[in-house]
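Novice: Below you will find the structure I want to go over with you.
Bear in mind these aren't lab numbers, they're just calculated from the coordinates by the rules spelled out. Nothing here was measured: the structure is a model prediction, and the numbers come from that model. Using ideal geometry, Cβ is built from the backbone for each residue, glycine included, and neighbour counts are taken over all protein chains shown.
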Amino acid sequence: MTALAQTLPRPRGRLAAAAADTALIVAGSLLVAALAQISIRLPLTPVPITGQTLGVLLVGTSFGWLRGGMALALYLGEIAVGLPFAAEGRSGLEILSVATASGGYLWGFLLAASLCGWLANLGWDRSLRSSLGVMLLANIVIYLVGVPWLMVAIDVPVLEAFELGLYPFVVGDILKLLIAAGLLPAAWRLAGRERPD
């Protein structure tokens, strides 16, 4: 099966198709960067609440595992070279290091986007129920990387890491995954694709 972005009209020539893929990957990285700037700083956690997760879920699922993964890898590269694309306009290689509380979430985004894309390539993005599963699994992956990373970065025990890096985000992430899970099947219907049996 294909991801949603693969249903878009594509140029016929190899060079033109590569240019279209490149433009799509850049656009995906910029969408995540833009949503990262929607940021709320809570006093009880060193990690801000952002719109990034919504972008990760949408880009990964609609682009497929390869393009989605490449878009998020580009996003991390953009941060590393100094573009102000992380939350609150931050940038630099140190943001992606073990020394920062939010670095693990950023690396988790890369894995989550690739997982979303892989599951989308299997057809999991075509119904609301299976899309919810995709988005939930992706969020779990982000937490599986982000929470232990935060625990090491600020040297706290596991229960405190949950209090700082998981609990404050659950409600917002549920809302974001519901939005993403609703948008994908709707986009497939607009694209004129039928749900798989």
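Novice: Students often check this: by mean Cβ neighbours within 10 Å, which of 5-11, 174-180 ranks highest, and how do the rest follow?
Specialist: 174-180, 5-11
Novice: Counting each DSSP H run of 4 or more residues in the chain as -39500 (n - 2.57), what helix-only mean residue ellipticity at 222 nm follows after dividing by all residues, to the nearest 500 deg cm²/dmol?
Specialist: Calculated at 222 nm, the ellipticity per residue is -21500 deg cm²/dmol.
Novice: Build a GNM of the chain with springs between Cα atoms under 10 Å: which of 114, 102, 130 gets the top mean-square fluctuation?
Specialist: Among 114, 102, 130, the largest mean-square fluctuation in the Gaussian network model of the chain belongs to 130.
Novice: To the nearest Å, what is the center-to-center distance of region 14-39 and region 108-127, using C-alpha atoms only?
Specialist: 17 Å
Novice: Counting Lys +1, Arg +1, Asp -1, Glu -1, what net charge surrounds residue 27 among other residues with beta carbon under 13 Å of its beta carbon?
Specialist: -1
Novice: Relative contact order, percent, of region 10-135 when contacts are C-alpha pairs under 8 Å separated by at least 6 residues?
Specialist: Value for region 10-135: 24 percent.
Novice: To the nearest 20 Debye, how big is the dipole of region 1-119 about its Cα centre, given +1 on the beta carbon of each Lys and Arg and -1 on that of each Asp and Glu?
Specialist: With Lys and Arg at +1 and Asp and Glu at -1, about 340 debye.
Novice: Calculate the FRET efficiency for residue 122 and residue 23 from the Cβ-Cβ distance with a Förster distance of 22 Å, rounded to the nearest 0.05.
Specialist: FRET efficiency, residue 122 to residue 23: 0.30.
Novice: Now a separate question. Between (i) -0.50, -0.61, -0.67; (ii) -0.32, -0.48, -0.57; (iii) -0.35, -0.52, -0.63, which matches log10 I(q)/I(0) by the Debye sum over Cα atoms at q = 0.09, 0.11, 0.12 Å⁻¹ calculated for the structure shown?
Specialist: (ii)
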